[in-house]
Every structure is written in C-alpha cells, then in structure tokens.
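Single-structure report; data block below.
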Amino acid sequence: MSQTNSGIANIAQIENGSVAKKPPKWKHTWKEYKKNKYLFFMLIPVLVWYGIFHYGPMYGVQLAFKDFSPIKGIWGSDWIGMEHFKFLFYQSPDFARIFRNTILISLYNIIFGFPAPIILALMLNELRYKLFKRFAQSISYIPHFFSWVILSGIIVVMLSPSEGPVNYIIKLFGGEPIYFLADTDYFRPTLVVTSIWKEIGWGTIIYLAALSGIDPTLYEAATIDGANRWKRIRHITIPSILPVVSIMFILSLGGILNAGFDQIFNLYSPAVYEVADVIDTYVYRAGIQQSQFGLTTAVGLFKNVIGIMLVLGTNYVMKKMGQEGVL
C-alpha cells in the first residue's frame with residue numbers, strides 16, 4: 001500500500017511540476033569540462049602541435065593536382081587534374097617496382113616483426129627472477145633509443161665482408177663471406193632482422209602492460225585444475241591480450257606503405273635499388289633532389305589513401321570477428 005501511495009504521490013508531483021527535470025546533456029558535459037579545465041589547458045600545446053605540423057601541411061595536398069611552379073606558388077600554379085596519377089600508374093617505369101618493394105618489405109616486417117614483441121612479452125612474463133627480468137627488459141629497450149644513423153654504422157661494421165664479426169663466424173665454419181648490404185638476395189632479410197632487433201623491446205611495453213592487468217586468480221584456479229604452464233598461456237594469457245593485439249594489428253596494417261625510410265635510406269645503395277627502393281626513398285629522390293614536388297605529393301596522397309582504407313577495412317573485419325577495433 002505504501003508503494004502505491006508513493007507512486008501516486010510521484011505522479012501528482014510530476015503533474016504539478018514540482019519534480020525537477022533532468023538537466024540537458026550539454027549542461028552536464030559543460031560542467032565536466034569546467035571541473036577539469038586545467039587538464040584541458042594542458043592539452044592545448046598538443047593540439048597546437050598537431051595543428052601546425054599535421055593539419056597545416058595538408059594545404060599542400062593540392063600540389064598533387066597542379067603543375068607546381070615555384071614562381072607562381074602553390075595557389076597560383078596551374079591545375080592539371082589527375083595527370084600526376086596517370087603518369088604514376090601508366091607511364092612511370094619505376095612506380096610498379098617501388099610499390100612492389102614497399103609492399104613486400106612491409107609484409108615481411110608484419111609477418112616476422114609483429115609477433116616478435118608478443119613472444120618476447122610472453123617470455124618475460126614467465127620469468128620468476130625479477131632482477132634478471134628487469135635486466136633483459138632494459139637490454140631489449142636500448143636499441144630503440146638510437147637513431148638509424150647510429151645503428152646503420154654499427155650494422156655496416158658488424159656485417160662487413162672483410163672485418164665484420166658475422167662474416168668472421170661464417171668463414172670460421174668454412175663458408176664464404178656474404179655481402180649482406182650489397183646482395184639483392186640478403187638485403188631484405190637484413191632489413192627485417194635489424195628492424196626486429198631495434199624495436200622488439202620497445203614493442204613489448206604495451207603487451208606487458210596488458211599482461212599485468214590479467215587477474216592472478218585465473219592462473220591460481222587453472223593451476224589447481226592441473227593446467228601446466230603452456231596450457232595457462234594458451235587458455236588464459238593469450239585470450240586476455242587479444243584485444244590489444246587486434247588494435248596493434250590494425251594500426252600496423254594501416255602503415256603497410258611505410259616500409260621504414262630512415263632504415264632503408266641509411267643502409268641501401270644503388271646496387272640493391274632493385275629490391276630496396278620503396279615509395280619513401282623514391283619521394284626523397286624525386287621530390288628533394290629532382291624538385292618534382294607535384295608528382296611526389298601525388299605519391300604521398302596515394303599512400304595515405306591506401307593506409308586509411310586498410311585501417312577501416314581491417315577494423316571492420318576485426319569487429320566482425322568479435323575483437324576490439326580502433327573506431
């Protein structure tokens with residue numbers, strides 16, 4: 001009876017207008033902004049940086065559709081429509097080769113490089129000696145903090161056919177010296193191995209963070225049920241980090257046309273152009289050295305459009321498979 005009376009009273013209050021209406025959503029949002037205004041002030045430098053260096057240069061994208069003249073400037077240059085793209089796809093003798101090289105090198109990096117930090121993170125997670133675990137993490141992180149200018153010098157010395165320790169070991173076992181950086185058969189594998197060496201430790205940070213969020217009671221229950229270490233990894237650890245893996249996979253596919261300019265530029269030579277010349281190095285030579293700014297802008301625009309399409313497509317497939325997406 002009391003519940004009925006309270007319900008009747010509430011209805012009466014609503015009819016009389018004495019019950020306060022729920023404030024609009026925009027007012028609640030504005031209140032939250034005001035409450036955290038200092039945090040948003042800290043975000044301003046980041047927004048300014050993105051605006052200047054990421055969105056500001058988009059003004060120059062119109063060069064892809066213009067016959068650029070330094071005298072007339074970007075705005076005053078003549079429109080030529082899709083001529084640059086027609087030249088790339090139908091007339092350029094180099095574009096098919098550099099596009100193939102870019103795809104192959106990027107696929108090799110994804111196939112062999114993407115699982116590498118996941119495997120290392122799983123191995124580090126299974127270590128029980130904390131001191132050794134921290135030491136191994138620190139050693140694996142170090143190469144990330146060196147630029148490819150420095151690392152390329154180290155790699156050139158290490159792989160030298162006359163004095164390098166790698167070829168010394170090969171000759172010690174009766175083999176012939178290998179010109180890793182000048183042989184078209186070995187240059188791509190060298191790129192993949194050195195890229196993994198540089199980034200494997202840094203890539204484990206995200207996966208180790210995901211592993212640290214797994215509920216320890218799941219492992220305890222699995223141990224009580226008789227699950228060995230491999231079964232715990234297979235049925236608890238890997239499924240728990242799959243959402244993070246799917247997001248990182250989507251992002252890596254989005255950058256499939258970024259084969260690694262810094263690494264290739266510092267390691268390649270004309271002897272391996274046939275297998276090493278990629279979109280970014282072509283843009284550098286044609287744009288910076290030959291001043292073909294309109295053509296190279298068209299190449300960059302093409303690369304970005306493909307990247308966006310891959311991100312959206314992979315995100316859609318991952319969501320259909322029940323995994324996390326980025327959108």
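The values are calculated or read from the model by the stated rules, or taken from the named source; none is laboratory data. Note that the structure is a prediction, hence the values are computed from the model and not measured. When we count neighbours, we look across all protein chains shown, and the Cβ atoms used for this are built from the backbone with ideal geometry, even at glycine. Side chains are part of the model used for accessible areas, which takes the heavy atoms of the whole protein and leaves out ligands, DNA and RNA. Shrake-Rupley method; radii C 1.70, N 1.55, O 1.52, S 1.80 Å.
What the phi angles of the stretch 250-259 give under the Karplus curve with 6.51, -1.76 and 1.60, with θ = phi - 60°, is a coupling list of 4, 5, 5, 5, x, x, 5, 8, 9, 7 Hz, glycine and proline written as x.
Across the stretch 167-193, the residues whose backbone nitrogen lies under 20 Å from the label position 7 Å along the beta-carbon direction of Ile110 are 188-193. Highest-first packing order for the peptide set 84-96, 164-176 is 84-96, 164-176, based on the mean count of other beta carbon atoms within 10 Å. Count Lys and Arg as plus one, Asp and Glu as minus one, and take only other residues whose Cβ is under 15 Å from that of Gly300; the net charge is then +2. Here the accessible area of the stretch 84-320 is 67 percent carbon and sulfur, with a 1.4 angstrom probe and all protein chains present.
The packing ranking, built from the mean of other Cβ atoms within 10 Å per residue, places the peptides 30-39, 142-151 in the order 142-151, 30-39, highest first.
Taking amide H as placed 1.01 Å from N in the peptide plane, Lys66 has its amide H under 5 Å from the amide H of Ile80, each at least 5 places away in sequence or on another chain. Counting every pair of alpha carbons in the chain, the share spaced more than 32 Å apart comes to 53 percent.
Using only DSSP helix segments of four residues or longer, with each worth -39500 (n - 2.57), what per-residue ellipticity at 222 nm results for the chain after dividing by its residue count and rounding to 500? Let's see the in-between values first.
Numbers: 18 runs with 204 residues, N = 327.
Rounded to the nearest 500, it is -19000 deg cm²/dmol.
Calculated accessible area for the chain comes out at 65 Å² per residue, all protein chains present (probe 1.4 Å; ligands, DNA, RNA ignored). Placing pseudo-labels 7 Å out from each Cα toward the beta carbon at Arg285 and Ser147 gives an inter-label distance of 2.3 nm. Report note on the peptides 229-238, 188-197: ranked by the mean count of other C-beta atoms within 10 Å, highest first, their order is 188-197, 229-238.
Pairs spanning more than 32 Å between alpha-carbon atoms, out of Lys133/Lys171; Lys171/Lys303; Lys72/Lys303: Lys133/Lys171; Lys171/Lys303.
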